[in-house]
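For reference, the structure discussed in these notes is given below.
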Amino acid sequence: MSLLERIDTICLTVSNVDKASTWYQEVLGLSDSYNGGHYRILSVGNSGVPLTIEEGKVNPANSQVYPIFYTKNIEEVYKVLLEKRVKVSELQNDGVNHFFDLYDLDGNKLQVCFWK
């Protein structure tokens, strides 16, 4: 049984979320489906997996693209990963999402989220 239900979004770090959102909408035809202030969720055609652009420090040599997995049982998933000695961040809540980062064997960042 999988702990995770689906890939919820793909996240990109951008230097200016407002300019990037405009670029993705005007150049690629994506549509703004959620404005979270420092991040935007953009719908990609008929795909069920949106693109999230998040404002932060951009380092092209070390790409900040990572998958975000969705689960309805985030506390249980967090507990199981801790028991399996997976490196995880603290469980966080930004007022909309509950989430935490985890890292694979090569140090690649992944994220797990829950939202209603």
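The values are calculated or read from the model by the stated rules, or taken from the named source; none is laboratory data. In this text the structure is predicted, and so the values were computed from the model without any measurement. Cβ placement follows ideal geometry from the backbone for every residue including glycine, while neighbour counts extend to all protein chains displayed.
Scanning the stretch 65-89 for residues that are in contact with a Phe, Trp or Tyr (Cβ under 9 Å, 6 or more places away or on another chain), of a type outside the set (D, E, K, R) and outside any helix (DSSP H, G or I) turns up Ile68, Tyr70, Thr71, Asn73, Val86, Val88, Ser89. Within the stretch 93-114, the only residue that satisfies the criterion of being farther than 14 Å from Cys11 by Cβ, touching a residue at least 40 places away in the same chain (Cβ under 8 Å) and part of a strand (DSSP E or B) is Phe114.
Do we find a residue being out of contact with any His (no Cβ under 9 Å at 6 or more places or on another chain), surrounded by 10 or more Cβ atoms within 10 Å (Cβ to Cβ), part of a loop (DSSP other than H, G, I, E, B) and of a type in the set (Ser, Thr, Tyr) anywhere in the stretch 48-57? No, because not a single residue in the stretch 48-57 is out of contact with any His (no Cβ under 9 Å at 6 or more places or on another chain), surrounded by 10 or more Cβ atoms within 10 Å (Cβ to Cβ), part of a loop (DSSP other than H, G, I, E, B) and of a type in the set (Ser, Thr, Tyr). Of the residues contained in the stretch 24-41, none is found to be surrounded by fewer than 18 Cβ atoms within 10 Å (Cβ to Cβ), in contact with a helix residue (DSSP H, G or I) (Cβ under 8 Å, 6 or more places away or on another chain), in contact (Cβ under 8 Å) with a residue 12 or more places away in the chain and closer than 17 Å to Val112 by Cα. From the list Val17, Val65, Val80, the lone residue that is touching a strand residue (DSSP E or B) at 6+ places or on another chain (Cβ under 6 Å), closer than 22 Å to Phe114 by Cβ and either modelled with pLDDT of 90 or more or among the β-branched types (Val, Ile, Thr) (or both) is Val65.
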